[in-house]
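Okay, structure first, notes after.
The values are calculated or read from the model by the stated rules, or taken from the named source; none is laboratory data. All figures in this text were calculated on a predicted structure; none of them were measured in a lab. Cβ placement follows ideal geometry from the backbone for every residue including glycine, while neighbour counts extend to all protein chains displayed.
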Amino acid sequence: MQNTDVLKHLPEFILKIKREGLPPVVGNIFSHYYEKVLTGETGLVYDCDIEPIPPEKVESAENLEAFSAAGKQAFQQSVMITLNGGLGTSMGLIGPKSLLKVKNGKSFLDIIVAQARQRGTALALMNSFSTHDETLGALSKIDPVFEPLIFLQHKFPKILRDGYGPATWPQNPQLEWNPPGHGDVYTALYTSGMLQTLLDRGIIYAFIANSDNLGARLNPALLGYFAANRFPFMMEVAKKTPADVKGGHLARHKSGRLLLREAAQCSKEDIHSFHDIQRFCFFNTNNVWVNLVILKELFDRDQAIFLPMILNPKTLDPRDANSPGVYQVETAMGAAISLFDGATVVQVPRSRFFPVKKCDDLLAVRSDLFILSDTGDMILNPQRMDRNKPDTIQIMLDPKYFGRIDLFDDRFNSGVPSLIDCEALTIEGDVHFEANVTISGRVVIQNRRKSPVVIKKSAYIDQDRLY
């Protein structure tokens, strides 16, 4: 039963949202979720309400090459929407993660702009309040002629776990707010006017992906398949490996609709099933395709889109465990699959999903494991495939010495090793690398000394090294 005593705080939240200059629809959407929080809804999705998707029911991107010609013709009716709200604090960055140099001296943003320009397709960036100004400054230097479209992500006020009122933190008021998750992209498109702007330009098909996943690119075969079948929504999924047990997975609700279940939406009782990669074998790559005409029809009909809620318990200041406990209301972009009649999924190769979340990932991307193609795409090095090596690599770097970008760059200041023949690399302790080092197979490099170990120039390592 709804607790009317704590519902008294709702006007305070609405006033706070209004004072922040956010559109009224943000207040309406937050109110919808806030009332769910008060009624005890957790956003959990239970095993008894869903069933897995058999692999044979999912189309594979490997079979879609015949749609490439149609896809190339549809480039001018398409937009790449890049989620550009992250600061990369987990890597020790203090600015937009998309400005980090990742390949051949180019940043994520350099590469994304080049991809859109070479395809002749529109590019739209969803910035956050934290990344907006620096991104604009960088764009003016990357290509003064090519101007991506820009719109801003919204934000939600944090909810105190004690009393359900608005969180206040005078020493840093920005910490009173949380990003509402990448599921906000649809509402932000609508309220900013960007959705109508794109439609007015004759743009129908949107490909949405994270800025830190350079494996995600506007693929002509996938675009052609999406357009030719007139799907309203398409999610790219990939087969789970043991490294993906925590990733959100695809399922079908007993109502018949496809859905996405994230780890935060799984009950403790169902967690074993959630981690069963044989049962729930597909995970969401967070690359989605949306028909903008149909998206506009949804907004025209309902005025708002309500995705399944993810309720995250946090501390108000993430760096202060003693700060008040709060709830953050968030939504996932892929969860929109449950809103569209006729939504579909397509299985893609793992190379379309390689986000850079940690310095471990950055090492792989900066190495010869990946190359920039003639079209500006980040792709798995064909030589690796020719050598029958797996298309994934396991890298574990000691966070004490490699966890921040300044520490990482200091230890690879002469260049990163060749990893084209490497299947797994673990580095423990303080290890520095000189130029032209090659690592092959499965290798552990461990330094137990108090002083740094230096891997000498042109070294070839194909077995463990312990110091």
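Here is a list: 74, 70, 61. Which entry is of a type outside the set (Asp, Glu), touching a residue at least 40 places away in the same chain (Cβ under 8 Å) and farther than 24 Å from residue 333 by Cβ? Exactly one residue qualifies, and that residue is 70.
Has the stretch 141-157 got at least one residue that is charged (D, E, K, R), surrounded by fewer than 22 Cβ atoms within 10 Å (Cβ to Cβ), in a loop (DSSP other than H, G, I, E, B) and over 20 Å from the mean Cα position of the chain (by Cα)? Within the stretch 141-157, one or more residues are charged (D, E, K, R), surrounded by fewer than 22 Cβ atoms within 10 Å (Cβ to Cβ), in a loop (DSSP other than H, G, I, E, B) and over 20 Å from the mean Cα position of the chain (by Cα). Of the numbered criteria (1) closer than 24 Å to residue 370 by Cα; (2) modelled with pLDDT of 95 or more; (3) out of contact with any strand residue (DSSP E or B) (no Cβ under 7 Å at 6 or more places or on another chain), the one residue 154 fails is (1). Residues in the stretch 350-365 that are assigned to a helix (DSSP H, G or I) and within 23 Å of residue 117 (Cβ to Cβ): 351, 352, 365.
Residue 432 meets each of the listed conditions (1) modelled with pLDDT under 95; (2) in a strand (DSSP E or B); (3) closer than 22 Å to residue 459 by Cα apart from (1).
Look at (1) more than 29 Å from residue 69 (Cα to Cα); (2) part of a loop (DSSP other than H, G, I, E, B); (3) at pLDDT 90 or above and you find that residue 269 fails only one, number (2). Within the stretch 47-69, being outside any strand (DSSP E or B), farther than 15 Å from residue 207 by Cβ, of a type in the set (A, V, I, L, M) and touching a Leu at 6+ places or on another chain (Cβ under 9 Å) holds for 53, 58.
Looking across the stretch 289-319 at every residue that is of a type in the set (Val, Ile, Thr) and in contact with a helix residue (DSSP H, G or I) (Cβ under 6 Å, 6 or more places away or on another chain), the one that is farthest from residue 201 (Cα to Cα) is identified as 310. Does the stretch 379-392 contain at least one residue that is part of a strand (DSSP E or B) and modelled with pLDDT under 95? Yes, that holds for at least one residue. Pairs are defined by a Cβ separation below 8 Å, a sequence spacing of at least 6 or placement on different chains, a first member in the stretch 282-296 that is within 30 Å of residue 245 (Cα to Cα), and a second member that is assigned to a strand (DSSP E or B) and among the hydroxyl-bearing types (Ser, Thr, Tyr); the pairs so defined are 289/205; 290/205. Taking first residues from the stretch 215-244 that are modelled with pLDDT under 95 and partners that are of a type in the set (Phe, Trp, Tyr) and part of a loop (DSSP other than H, G, I, E, B), the Cβ contacts under 6 Å between residues at least 6 apart in sequence or on separate chains come to 215/353; 215/354; 238/353. Can you find even one residue in the stretch 415-428 that is surrounded by 14 or more Cβ atoms within 10 Å (Cβ to Cβ), of a type in the set (Val, Ile, Thr), in contact (Cβ under 8 Å) with a residue 40 or more places away in the chain and in the same structural domain as residue 392 (by TED's automatic domain parsing)? Yes, the stretch 415-428 contains at least one residue that is surrounded by 14 or more Cβ atoms within 10 Å (Cβ to Cβ), of a type in the set (Val, Ile, Thr), in contact (Cβ under 8 Å) with a residue 40 or more places away in the chain and in the same structural domain as residue 392 (by TED's automatic domain parsing).
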